[in-house]
1. Please tell me if residue 62 is farther than 19 Å from residue 132 by Cβ, surrounded by 13 or more Cβ atoms within 10 Å (Cβ to Cβ) and in contact with a Ser or Thr (Cβ under 8 Å, 6 or more places away or on another chain).
2. Look through the stretch 102-119, keep the residues that are closer than 28 Å to residue 31 by Cβ and buried (at least 17 other Cβ atoms within 10 Å of the Cβ), and return whichever of them is nearest to the chain's Cα centre (by Cα).
3. Go through (1) in contact with a helix residue (DSSP H, G or I) (Cβ under 6 Å, 6 or more places away or on another chain); (2) in contact (Cβ under 8 Å) with a residue 40 or more places away in the chain and name the single condition residue 59 misses.
4. State whether one or more residues within the stretch 17-29 are of a type in the set (Asp, Glu), at pLDDT below 95 and farther than 18 Å from residue 139 by Cα.
5. Restricting attention to the stretch 123-146, and to residues there that are touching a Ser or Thr at 6+ places or on another chain (Cβ under 8 Å) and of a type in the set (A, V, I, L, M, F, W, C), which single residue is surrounded by the most Cβ atoms within 10 Å (Cβ to Cβ)?
6. Would you check which residues across the stretch 16-34 are more than 16 Å from residue 53 (Cα to Cα) and of a type in the set (Lys, Arg) and list them?
7. Which condition from (1) free of Cβ contacts under 8 Å to residues at least 60 places away in the same chain; (2) not in a loop (DSSP other than H, G, I, E, B) is the one that residue 117 breaks?
8. So residue 82 ticks every box in (1) buried (at least 19 other Cβ atoms within 10 Å of the Cβ); (2) touching a residue at least 60 places away in the same chain (Cβ under 8 Å); (3) over 21 Å from residue 133 (Cα atoms) but one. Which box is left unticked?
Amino acid sequence: MIAIINGPNLNMLGKRDPKVYGSTTFEDFLPEAEYLVSDLSDGQETLEYYQSNSEGDIVSQIQKLAFDPFCRGIVINPGAYAHYSYAIHDAVEMSPVPVIVVHISNIHAREEFRHKDVVVSAAKGTICGLGLTGYLLAIRSLLSRP
């Protein structure tokens, strides 16, 4: 299983600032991600999706997935929590499964407060600025690991 965890306001994709985040909802995008997981794993893997606007719920979900014997990796977009949540950083850091951070927009080309991501230093990698394609690239990376 590959897991995607989305943080605050990502449930508003398609409505929130389409110039920055695009006009596709995450629910409309999910079938493409599910198909990729199934295709790359010859139907052996599934995709689990979780979204929360609550920091504690995100930490609990990371902890649950990190020690799930069927979880091969986590793709996380912490949203605004990326810029200050050491709780999410610590949950990612203790995860024995690889975690890849994805940002839909290029956080380095936006407001100054968005330039720093405290979560990414605990992750295996990061992808930013490629829109929803970043999730697909992260999935490819996780499924290419032995």
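1. Yes, satisfied.
2. 102
3. (2)
4. yes
5. Applying the filter and picking the extreme gives 128.
6. Matches in the stretch 16-34: 19 only.
7. In the conditions (1) free of Cβ contacts under 8 Å to residues at least 60 places away in the same chain; (2) not in a loop (DSSP other than H, G, I, E, B), residue 117 misses (2) alone.
8. (3)
The values are calculated or read from the model by the stated rules, or taken from the named source; none is laboratory data. Since the structure is predicted, the reported quantities are computational estimates derived from the model, not experimental observations. Neighbour counts are summed over all protein chains in view; Cβ atoms, including those assigned to glycine, are modelled from backbone coordinates with ideal geometry.
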